[in-house]
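Encoded as structure tokens, the structure appears first; notes follow it.
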Amino acid sequence: MKFRNFKTVPRMIFGRGSFDQLDEVLAEQRQTDKDFVVFAVDSVHKGKPLEGRIPALPHDMILWVDVTDEPKTTYVDALTEKVQAFADQNPVSVVGLGGGSTLDLAKAISLMLTNPGGSASYQGWDLIKNPSVHHVGIPTISGTGAEASRTTVLTGPDKKLGMNSDYTVFDQIIMDPDLVKGVPTDQWFYTGMDCYIHGIEALNGTYINEFARAFGEKSLDLCREVYLGDHPDADEKLMMASYMGGQSIAYSQVGACHALSYGLSYVMGYHHGIGNCIVMDVLDDFYPEGVREFREMMKKHNITLPKGITKDLSEDDMQKMIRVSSGLAPLWENVYGKDWQTHVTPELLRSLFNKM
């Protein structure tokens, strides 16, 4: 048996106020007066105090990114073209500052600056051939694990699927719990549940091993402290739960919830966090204890999920959701094993989508 030789984030800083060290990190990459940095920043921070703290030099580029919709391959390509038009050389670093969608966009831009063609052609596993531009991830909300993972999840012309590669992994992350202050409760819950669901899927999957279990169990423990215990250090705990959740996936995999959520998001446009929550609420047969605890967390934080969202769906859209969800072979193998195709039928997927 040959084991995967996974890459993880090589450098990281954790702690309140650590964002102020970003300038030092970038100084290591700047070698000449022409060297510039691209800051891909969630537009929600425009005009807010954080904007004034971005250590941009006069010749750097700030890209205010719109994450109203899930990241699309067409948007990645458009942003990449903007960067290429900005200067006659590549930046020495791309910095992502925001939530999971912004971090995914920063990863994708750094990859597409060094790999030819459109980003849709790289949706899959290990299709990226050339190393990316140096890139830094700085989360301002916790849960997705994007800061730790080897994927950047994109919606393409015919599927929602990540660019999964060792080159996708950030070269540096900065985890500053002070940056997550003031996140709306619903968003804080939905994004944090992405982390919780990561753990449930990984720990109940066929891919599980002691590496993944060590990170996954600790991540779940931290999620429980945050969402069931109202811990005073909740921001720090959730930030570490997110990182550990991302690490646990390096040697395991997500499962049924993410597979169905990808189909739901592709057709109906739900953001990843709330999409996962909508799906998780109908997966009693897959993760009974996880779903029970998830509902306790919803009740504690007064979260009400949309209901009946698929009742007026056209047959064409239902078929698209089924096709996208059934196409995620590693996720379903983590649920059922090598014979997953005998279990994951159109009838099963339709019945689950109809419950939503």
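The values are calculated or read from the model by the stated rules, or taken from the named source; none is laboratory data. As the structure is a computational prediction, the values presented were derived from the model and not from experiment. Here the Cβ positions follow ideal geometry from the backbone for every residue, glycine too, while neighbour counts run over all protein chains shown. Side chains are part of the model used for accessible areas, which takes the heavy atoms of the whole protein and leaves out ligands, DNA and RNA. Shrake-Rupley method; radii C 1.70, N 1.55, O 1.52, S 1.80 Å.
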State whether the residues of the stretch 295-306 include one that is in a helix (DSSP H, G or I), of a type in the set (A, V, I, L, M, F, W, C) and either touching a strand residue (DSSP E or B) at 6+ places or on another chain (Cβ under 8 Å) or surrounded by fewer than 23 Cβ atoms within 10 Å (Cβ to Cβ) (or both). yes
If I go through the stretch 35-53 residue by residue, how many of them are assigned to a loop (DSSP other than H, G, I, E, B) and either under 14 Å from residue 93 (Cα atoms) or of a type in the set (D, E, K, R) (or both)? 4
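Given the condition over 20 Å from residue 102 (Cα atoms), surrounded by fewer than 12 Cβ atoms within 10 Å (Cβ to Cβ) and free of Cβ contacts under 8 Å to residues at least 40 places away in the same chain, answer yes or no: does some residue in the stretch 34-54 qualify?
no
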Looking at the stretch 312-340, I want the residues that are in a helix (DSSP H, G or I) and have a partner that is among the basic types (Lys, Arg) and surrounded by fewer than 18 Cβ atoms within 10 Å (Cβ to Cβ) with Cβ atoms under 7 Å, at least 6 apart or on another chain. Which pairs are those? 318/350; 322/350
For the stretch 78-158, which strands (runs of 3 or more DSSP E) that fit wholly inside it have 1 or more residues that are farther than 26 Å from residue 253 by Cα and either open to solvent by less than 10 Å² (accessible area, probe 1.4 Å) or among the acidic types (Asp, Glu) (or both)? 93-98
What single numbered condition from (1) part of a helix (DSSP H, G or I); (2) within 20 Å of residue 96 (Cβ to Cβ); (3) open to solvent by less than 10 Å² (accessible area, probe 1.4 Å); (4) touching a residue at least 60 places away in the same chain (Cβ under 8 Å) fails to hold for residue 277? (2)
In the stretch 68-109, which residues are closer than 17 Å to residue 135 by Cβ and among the β-branched types (Val, Ile, Thr)? 76, 80, 83, 92, 94, 95, 102, 109
Residues located in the stretch 292-325, provided they are in contact with a helix residue (DSSP H, G or I) (Cβ under 6 Å, 6 or more places away or on another chain) and not aromatic (Phe, Trp, Tyr): 297, 301, 303, 305, 310, 317, 320, 321, 322, 324, 325
